[in-house]
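Step one of this worksheet: look at the structure below.
Just so it is clear, none of the values below were taken in a lab; they were calculated from the coordinates. Quick caveat: nothing in here was measured; it's all calculated off a predicted structure. A quick note on method: Cβ atoms are made from the backbone with ideal geometry, for glycine too, and the neighbour counts reach across all protein chains shown.
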Amino acid sequence: MAPRLLNRVDAETGTETDESFKARYRRALDNPRLSRNISQFQISWRASRDQALTEIDFEQLRRQFKSTKATSSTTWTGSPIFSSRWPPSPAHVHRAETAADAVAIVRQICENHGITQIAKSKSMVSEEIELNHALAAHGIEVVETDAGEWIVQQAHERPSHIVGPALHMGRQEVGALLNRVGDREVSLEDIPDQVRAIRDTVRPVFFTAGAGMNGANALIAESGTVMIVTNEGNGRLSGSMPPVHIVLAGIEKLIPTFDDAVTQLRLLGRSSTGQRLTVNTTFMTGPTPGHEMHIILLDNGRRMMKSMPEFTEALHCIRCGACSNVCPPYAQVSGHLFGHIYSGAIGLVVSGFHHGLESIADAQSLCLSCNACEVVCPVGIPLPRQILDVRKMVVQARGLSPIKRMVLAIYSRPDAVHVTTGLGRYLDRPLARNRMIRNRQLPKINRQTRWRSLPALAPQPLQNLTPTGSFEEGLPPVVANGAAGKVVALFPGCMTDRLYPEQGLAVAESLKRLGVRVIYPKGLNCCGLPANNMGDAETAKRMARQTIEALEAQLAHLAADYIVSGSASCVAMLTQDYEHLFREEPTWLLRAQQLAARIMDFTTFLHTVAKLEPGSLSGGKPVRLTYHDSCQGMNALGLKAEPRRLLTEVLGCELREIDDIPYCCGFGGSFSFDYPEIAERLMKRKLDVAEQTGARLVVTDNQGCIMHLRGGADVEGRPIEIRHIAEIVAERLAEVAAHHDN
Amino acid sequence: MEFLTLRRAADRQVSPHQIAERIERFTERIAPMGVVVHRVATIDAGMSILQEIAAAIGTEMALISAQLAEAYADAFVETETGGLRFDVAVDPAASRDAPLGVTLASHAIAETGSVVLSEPDLAARSVGLLSLTLVVIVPTSTILASLDEVAAFLRSQARRPGAPTARC
């Protein structure tokens with residue numbers, strides 16, 4: 001089936017509009033209510049969800065259900081209950097290989113019974129196969145009975161969220177729509193009045209429809225039971241009142257037992273809406289007496305997904321929508337843009353299998369790889385990695401833009417980088433003021449620089465400021481610590497080397513003052529993260545191999561206990577993404593894993609190796625700060641308590657916590673250059689909440705965040721400083737050392 | 001939606017203390033959703049509450065499920081005082097927007113503040129689905145501690161020939 005890239009039918013002409021992705025992007029950005037509504041929802045959802053999770057062991061349940069789903073997928077062909085009839089009142093089970101097959105089956109059922117109207121409970125699978133549209137062409141009306149689905153149906157739009165289809169609409173929009181399509185005046189503000197109006201319109205359909213249709217939240221194999229979860233009760237109404245009941249479900253919905261269903265329920269309500277359990281959970285085994293029941297099991301690309309190991313876990317999705325609820329770009333443009341029919345991070349992964357790669361080729365570029373989705377996913381789907389794999393497929397099909405190709409061509413060659421950055425230092429010297437290049441100096445790239453100053457290249461790269469290829473001995477430890485006497489190879493990362501060498505020096509100085517011998521490996525270039533995030537797998541692998549070889553060569557010459565980096569992004573790349581990059585190359589995989597075993601970020605090193613005692617570095621100059629959790633530090637490396645402990649308990653700083661849900665600053669590497677409008681909004685949000693703490697110093701552990709936030713603060717003249725945690729540590733160590741000397 | 005809880009002889013496998021704990025937890029979990037839980041010791045006390053509810057709604061008729069009528073045959077006759085009439089639901093269409101419906105839960109779940117309705121036919125199901133105000137009777141001995149226990153019940157229901165649907 002050819003992908004339908006359109007998002008709406010023109011309400012006036014009834015014809016399909018075919019706006020380009022860019023046009024839809026602009027339209028979304030021009031709607032201020034859209035981002036305000038969704039952002040506010042994300043905040044309230046987070047509070048409810050976090051509260052609901054306090055009652056369960058989320059990690060344990062997640063592991064348990066992930067295992068259940070992994071096992072279930074091996075039994076798709078082996079479920080006799082769902083493959084055959086059983087007495088005395090069998091449900092008819094149908095298998096549909098394609099969307100067209102499923103539509104044909106539904107149509108045949110309707111025609112066999114003379115059905116011209118279906119009362120449908122919420123079903124993303126029916127959206128997936130565009131059932132309503134297909135049946136309408138044959139004179140079969142499908143009436144959505146979920147309030148949100150009904151609203152978007154009346155608006156001739158697709159759902160913008162897997163759980164809350166009308167999330168993109170505010171109450172005034174809904175009220176105006178109801179006044180347009182209804183037969184009585186409806187309040188623009190009073191939501192209960194709006195709900196009553198919808199109920200009055202939809203309720204009769206349960207009694208007039210010839211068929212009711214549901215999706216399935218789970219298909220319980222042990223008994224042939226369909227589990228349906230709703231808040232409105234329409235699932236049970238549509239499954240009970242009409243004489244024919246049709247259940248349409250993806251085959252991945254199969255789970256073995258009722259016990260597994262209970263696990264799913266504990267995760268689903270909490271993850272989708274922050275509820276302990278949704279209002280209605282219905283278990284249907286066979287038809288209502290005197291009625292007929294049909295269950296249609298749909299493939300439509302699911303087996304293909306199952307056959308590709310890197311995507312199999314996406315089949316574990318329980319359609320909770322949590323991935324959308326934490327997604328920063330989603331909040332700015334809604335699911336109409338961030339996905340294709342299936343919205344959110346999961347939509348970026350599965351759409352290619354259901355609707356073809358082209359259906360998601362543009363939307364996938366909206367992911368900025370903050371990893372927030374994977375953190376909240378109740379079944380632990382590695383969504384960020386899968387989205388990058390989709391991106392790589394898109395890049396393979398479409399190629400990269402000329403600019404990106406050129407940038408990576410240079411960046412992947414150390415000698416080219418050396419020449420280019422050397423030249424760059426001369427070129428940007430007349431432009432830079434306080435190591436910033438501002439918009440007035442670069443008006444031609446206004447879209448990039450109007451809102452964020454760019455950093456000038458450092459006068460000297462870190463590798464020129466340190467004995468590269470050699471080492472420095474550790475100093476007498478300023479305080480007793482577990483790292484004294486250890487040997488650490490410093491991996492600065494390319495941004496530290498060329499833009500912020502002072503941060504690399506801070507890491508080195510900190511280590512030395514803890515009694516650590518510091519090795520400065522030579523031949524290091526970029527770890528390959530930009531190439532990986534841009535979707536250029538081959539260049540990423542080439543750069544990864546360079547990095548591995550350079551580190552191995554140096555470590556063969558000068559042995560090190562650890563490899564430490566002040567860049568959380570680089571550490572995530574080296575310790576996690578390399579394994580995925582080389583998954584089909586055993587030799588490189590082993591080499592990457594052997595290095596990864598010794599690599600850690602600066603904060604983790606101080607926490608787990610140095611094990612600085614509380615108060616050991618306190619008593620110096622008072623420092624009031626706030627901490628920005630970088631996405632890679634928090635979501636990929638799991639750092640949350642560690643930097644806070646270091647700053648408050650060890651260093652004695654006054655930490656003012658940001659009052660906001662965990663949220664990306666908007667950098668996302670090349671994302672901030674591809675989608676500067678979104679990046680700017682996220683940056684401003686972060687700077688606003690940071691300033692609201694009353695602290696004038698923002699500390700973080702990632703150079704990308706520093707570059708992004710500094711650039712924004714510079715343009716707006718905000719009285720706020722953004723620094724690396726290593727700089728704070730180094731300064732405090734120097735203070736303590738000076739105090740000892742005195 | 002309002003509930004009546006009738007106290008019966010304590011289940012020998014669950015101690016009175018455990019039942020009391022479950023009732024408390026169940027009430028704590030369901031109350032924030034706008035549900036009123038009434039704890040009553042006898043069926044007569046329950047009838048009084050039903051009359052109060054009916055009076056507040058302004059109805060003299062309550063629709064009841066056949067299972068409820070069978071379980072409490074003596075109780076659900078037209079009351080002498082208060083004049084509340086009980087009709088057993090037989091036609092789902094007649095249940096539509098019934099002002100007051102009364103049904104019998106097979107279980108309640110303390111963990112989630114849920115009730116489990118297991119109705120073999122559409123008429124019985126229609127009481128819970130279509131009444132504007134629903135009263136669910138939950139024998140305290142049927143209150144389960146957790147969702148895990150209800151899984152066993154659902155399994156037993158599903159494997160019965162002509163299995164009904166169950167809802168919680």
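Peptides A:576-582, A:434-440: what's the order by average Cβ count within 10 Å, highest mean first?
Averaged packing, sorted descending, gives the order A:576-582, A:434-440.
Take the alpha carbon atoms of segment A:607-650, find their center, do the same for segment A:424-502, and report the distance between the two centers in whole angstrom.
So the separation of the two Cα centres works out to 22 Å.
Residue separation times 0.36 nm, minus the C-alpha to C-alpha distance between A:Thr71 and A:Asp193: what's the value?
Once the chain is fully extended between A:Thr71 and A:Asp193, it gains 39.3 nm.
So if R0 is 35 Å, what FRET efficiency would B:Glu149 and B:Ala45 give, r being the distance between their Cβ atoms, rounded to the nearest 0.05? The partial results should precede the final answer.
Details: r = 28 Å, r/R0 = 0.79.
Calculated value: 0.80.
Averaged over its residues, how many other protein chain Cβ atoms are within 10 Å of peptide A:272-285's Cβ atoms?
Values: counts 0, 0, 0, 2, 7, 8, 2, 2, 6, 9, 6, 13, 6, 11.
The mean count of partner-chain Cβ atoms within 10 Å per residue comes to 5.
For a test of the definition: using alpha carbon positions, the gyration tensor, and the 1.5 limit on a/c, classify the protein assembly as shown as rounded, prolate or oblate. Before the final figure, lay out the partial values.
Working: a/c = 2.20, a/b = 1.83, b/c = 1.21.
Cα axes put the protein assembly as shown in the prolate bin.
Using Cα pairs closer than 8 Å and at least 6 residues apart in sequence, work out the relative contact order for chain A, in percent. Don't skip to the answer; put the middle values down first.
Working: 1376 pairs, mean separation 81.8, N = 742.
Here the relative contact order equals 11 percent.
Mind checking the dipole of segment A:512-572: about its Cα centre, +1 per Lys or Arg Cβ, -1 per Asp or Glu Cβ, Debye to the nearest 20?
Values: 7 positive and 5 negative charges, 58 e Å.
Magnitude of the dipole: close to 280 debye.
Go through A:Leu348, A:Gly182, A:Pro676 and say which Cα lies farthest out towards the positive end of the charge dipole of the protein assembly as shown; charges sit on Cβ, +1 for Lys and Arg, -1 for Asp and Glu.
Toward the positive end, the furthest listed residue is A:Pro676.
For peptide B:147-158, how many partner chain Cβ atoms fall within 10 Å of a residue's Cβ, on average? Walk me through the numbers on the way to the answer.
On the way: counts 10, 5, 1, 5, 9, 3, 1, 11, 10, 2, 5, 10.
Mean inter-chain Cβ contacts per residue within 10 Å come to 6.
Need one number: nm distance between label points at A:Glu538 and A:Ile43, each 7 Å from Cα along Cα→Cβ, rounded to one decimal.
Between A:Glu538 and A:Ile43, the label points sit 4.8 nm apart.
For A:Leu682, what is the net charge nearby, where nearby means another residue's Cβ is under 13 Å from its Cβ and Lys, Arg count +1, Asp, Glu -1?
+1
Explain nothing, just compute: Karplus ³J(HN,Hα) = 6.51 cos²θ - 1.76 cosθ + 1.60, θ = phi - 60°, for every residue of segment A:625-637 in order, whole Hz, x for Gly and Pro.
8, 10, 10, 9, 6, 5, 4, 5, x, 7, 7, 8, 9
Starting from 0.36 nm per residue, how many nanometres of slack lie between A:Ala100 and A:Leu427 once their C-alpha separation is accounted for?
111.8 nm
Taking square-rooted eigenvalues a ≥ b ≥ c of the alpha carbon gyration tensor, is segment B:21-168 rounded, prolate or oblate, where a/c under 1.5 means rounded and, failing that, a/b exceeding b/c means prolate?
It comes out oblate by the Cα gyration axes.
Restrict the search to segment A:126-218; then list the GluC sites (Glu not before Pro) that DSSP places in a loop and that have at most 14 other Cβ atoms within 10 Å of their Cβ.
Details: sites: A:Glu127, A:Glu128, A:Glu130, A:Glu141, A:Glu144, A:Glu149, A:Glu157, A:Glu173, A:Glu185, A:Glu189; in loops: A:Glu130, A:Glu185, A:Glu189.
Answer in residue order: A:Glu185, A:Glu189.
Compute the distance from the alpha-carbon center of segment A:335-386 to that of segment B:112-148, in whole Å.
Computed from Cα coordinates, the inter-centre distance equals 39 Å.
Need one word for segment A:118-185: rounded, prolate or oblate. Basis is the Cα gyration tensor (sqrt eigenvalues a ≥ b ≥ c); a/c below 1.5 gives rounded, then a/b vs b/c decides.
Oblate, since a/c reaches 1.5 and b/c is not below a/b.
If one computes the Cα centroid of segment A:111-146 and of segment A:272-303, what distance in Å separates the two points?
After rounding, the separation between the Cα centres reads 16 Å.
Over all residues in B:118-126, what is the mean tally of Cβ atoms on other chains that come within 10 Å of each residue's Cβ? Before the final figure, lay out each step's value.
On the way: counts 1, 2, 2, 4, 7, 1, 0, 7, 3.
Taking all residues of B:118-126 together, the mean is 3.
If each of A:Thr208 and A:Gln692 carries a label point 7 Å out from its Cα toward its Cβ, how far apart are those two points in nm?
Between A:Thr208 and A:Gln692, the label points sit 4.8 nm apart.
Let me know the charge dipole size of the protein assembly as shown about its Cα centre in debye, to the nearest 20, where only the beta-carbon of Lys, Arg (+1) and Asp, Glu (-1) is charged.
2660 debye
In segment A:425-505, what GluC sites (Glu not before Pro) fall in a loop by DSSP, with at most 13 other Cβ atoms inside 10 Å?
A:Glu473
Through the Karplus equation 6.51 cos²θ - 1.76 cosθ + 1.60, θ set to phi - 60°, convert the phi angles of segment A:310-317 into ³J(HN,Hα) values in whole Hz; use x for Gly and Pro.
In residue order, the calculated couplings are 6, 10, 3, 5, 5, 6, 7, 4 Hz.
Can you tell me the length gained on complete extension of the stretch A:Ile56 to A:Thr257, counting 0.36 nm per residue apart and subtracting the Cα distance?
Extra length available between A:Ile56 and A:Thr257 comes to 70.3 nm.
Counting pairs of alpha carbon atoms under 8 Å apart in space and at least six apart in sequence, what relative contact order in percent does segment A:645-705 give?
Contact order relative to length: 35 percent.
With label points built 7 Å along Cα→Cβ from the Cα atoms of A:Lys621 and B:Ser141, find their separation and express it in nm.
It is 7.6 nm.
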